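Remarks on the structure that follows.
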Amino acid sequence: MLVLFETPAGFALFKVLDEGKLNKVEDLSKEFLAADSARKVVSLKAFSKFENTAEALEAVTKLLESTPSKGLRKFLRAHCDGETLGVADSKLGNAIKEKLKIDCVHNTYVMELLRGVRTQLTELISGLGAQDLAPMSLGLSHSLSRYKLKFSADKVDTMIVQAIGLLDDLDKELNTYAMRIREWYGWHFPELTRIVQDNIHYAKTVKLMGDRANAAKLDFSEILPEEVETELKEAAVISMGTEVNDLDLMNIKELCDQVLSLSEYRAQLYDYLKSRMNTVAPNLTALVGELVGARLIAHGGSLLNLAKQPGSTVQILGAEKALFRALKTKHSTPKYGLIYHASLVGQAAPKHKGKISRSLAAKAALAIRCDALGDDQDNSMGLENRAKLEARLRALEGKELGRSAGSAKGKPKIEVYDKDRKKGPGLITPAKSYNPAADSVLGQTTNSGALDEQDTAPRKKKTVEVEPQEEEAAEVAAIEDKKEKKKKKKAADQEASLPISGNEPENEEPVPKEKEKKKKKKRQAEDSGENVEGEEEEKKKKKRKHVEEEEPEVQTKKEKKKKKKSGD
């Protein structure tokens, strides 16, 4: 059995002299306490030295990826014919077995054996001293660190930051140049600005046409739709623009070439940015898109710095000015920043944008950490979280639809009406009977009760005065038959106008209709803010006049009665 051991100087193959000792792991460590006992367990069979640092770096890089380098494959083919090889990495053993057809072993006995070899390495390998091994280890570690730094994700996202910055600058320049072309060529053909809205199509049309007099002879089918082409040719005939010379048209066409070349370069740059984003941050790209993800990385400085931020910071990233202004003025803080331009937030209704942006920021923070610190380079997590967010958006919209339709599930709930069934399940009670006591008008407010007392107080006094008058009128009626009918009519009128006496029970419900109408009028007057006191004074005056008219009639009756008694 052979054992493969990697050193900074090269690869070493050790032959196991006594394989029976491998079964006793506890005793195996004691064998390597001294160099003489270690030589009895293993012996050096072959050693492959690295020629230079580049070869050592290549070999170590391959070992980190669990694949054998070219030099290691040659070394093993030359010295491992028909032997079993013990290795420290199981993945490396599988690769050697697949490519070189060499049986490899990886277990606790082999690991304990390699640990013992490491302690007595300088004694087992002749010509390799500790003073030579330390500089080799240091140099190889530095080279490996530089190699890892060269291909780290932190350096790749720098290209994304620069690309998105250049893309924004190109957009600004394109807009500036396009507006300059429209203003410049508008002096010659002002109607073209209204006919052709797109800046790139405008530049292509101006470059192809030149002078507007050439419009009728040219074919614009590759640039413009048929109806727009027809409108352009008709407008060119009746245009109100000024004439320009050939030198002016030449400079305008050169500016059109600049706009077209910039637009082509912008398309190439966007494709490059899209590929870099799918490579560096696939999960973030799946959630928010290439442009929004690149702007988040650029605003954070790097992907690793962005991974250190919580979801609440990612949500308002780009709205710092509005945030600090809101904190200073004690107003509500912003709900979103750069993440507002994501497609998921754009799909949501205005009242749901805050909820969706908060959920999207939380998922985006997880996706950024997965891209920056995870080993997997696929976008499965981003696609899964995007599906969840789309389901949440549909749930929010469905909840609003359900409220408007009459139920929480979006469908109107129709049930059979049963007057005897309560809302609780399985409880049936008899129908409620009508309660006439609820319609009683006796329980009025304090203000209306006080007004009623004020009205009834003088009326009771009148009833006391009128009752003896009625008795005297009845005695006189027995003598004078002719006046009896008149007296009955007057008594009936007085009884209809008088209120209920204080001796009558309070629980009696029948109330004169005229009194109810008067009370309703009083309540309406109180609600509308009218002056009730003036009306009460007028009513009192009318009652006084009525009493004064009745008093002389009573006096004449008394005088007649006295005269009759004196005659008898």
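The values are calculated or read from the model by the stated rules, or taken from the named source; none is laboratory data. Just so you know, these numbers come straight off a predicted model, no measurement behind them. A quick note on method: Cβ atoms are made from the backbone with ideal geometry, for glycine too, and the neighbour counts reach across all protein chains shown. The protein model used for the area step is the full one, side chains on, heavy atoms only, and it has no ligands, DNA or RNA in it. Shrake-Rupley method; radii C 1.70, N 1.55, O 1.52, S 1.80 Å.
Annotations
- Options ALA130, ALA163; residue that is touching a residue at least 60 places away in the same chain (Cβ under 8 Å) and of a type outside the set (Ser, Thr, Tyr): ALA163
- Cβ pairs under 8 Å, 6+ apart, first in the range 260-280 and touching a residue at least 12 places away in the same chain (Cβ under 8 Å), second assigned to a helix (DSSP H, G or I) and aromatic (Phe, Trp, Tyr): LEU262/TYR177
- Some residue of the range 217-233 being within 30 Å of GLN162 (Cβ to Cβ), hydrophobic (A, V, I, L, M, F, W, C) and at pLDDT 90 or above: no
- Taken over the range 1-60, the criterion of being among the basic types (Lys, Arg), within 21 Å of GLY127 (Cβ to Cβ) and open to solvent by less than 70 Å² (accessible area, probe 1.4 Å) is satisfied by LYS15 alone.
- Among residues of the range 211-238 being over 51 Å from the mean Cα position of the chain (by Cα) and of a type in the set (Gly, Ala, Ser), the one that is least open to solvent (accessible area, probe 1.4 Å) is ALA215.
- Qualifying residue in the range 382-400 (condition: modelled with pLDDT under 70, open to solvent by less than 70 Å² (accessible area, probe 1.4 Å) and either in contact with a strand residue (DSSP E or B) (Cβ under 8 Å, 6 or more places away or on another chain) or in a helix (DSSP H, G or I) (or both)): yes
- Among the residues making up the range 222-249, those that are assigned to a loop (DSSP other than H, G, I, E, B) and among the hydroxyl-bearing types (Ser, Thr, Tyr) are SER239, THR242.
- Conditions (1) aromatic (Phe, Trp, Tyr); (2) part of a helix (DSSP H, G or I); (3) more than 30 Å from LEU338 (Cβ to Cβ): number failed by TYR177: (3)
- Residue check for LEU262: within 30 Å of ILE181 (Cα to Cα) and not polar (S, T, N, Q): yes
- In the range 96-105, the residue that is farthest from PRO68 (Cα to Cα) out of those that are among the aliphatic types (A, V, I, L, M) and surrounded by 19 or more Cβ atoms within 10 Å (Cβ to Cβ) is ILE102.
- Residue satisfying all of: in the range 252-288; open to solvent by 60 Å² or more (accessible area, probe 1.4 Å) and among the polar types (S, T, N, Q); farthest from ALA342 (Cα to Cα) among these: GLN258
- Every condition in (1) modelled with pLDDT of 85 or more; (2) surrounded by fewer than 17 Cβ atoms within 10 Å (Cβ to Cβ); (3) in contact with a helix residue (DSSP H, G or I) (Cβ under 8 Å, 6 or more places away or on another chain) holds for SER66 except the one numbered (1).
- Looking across SER143, SER126, one residue alone is open to solvent by less than 20 Å² (accessible area, probe 1.4 Å), modelled with pLDDT under 85 and among the polar types (S, T, N, Q). It is SER143.
- Residues of the range 297-316 classified as in contact with a Ser or Thr (Cβ under 8 Å, 6 or more places away or on another chain) and closer than 21 Å to ARG276 by Cβ, total: 1
- Annotation note: of ARG182, ARG146, the sole residue that is at negative phi, in contact with a Ser or Thr (Cβ under 6 Å, 6 or more places away or on another chain) and free of Cβ contacts under 8 Å to residues at least 24 places away in the same chain is ARG182.
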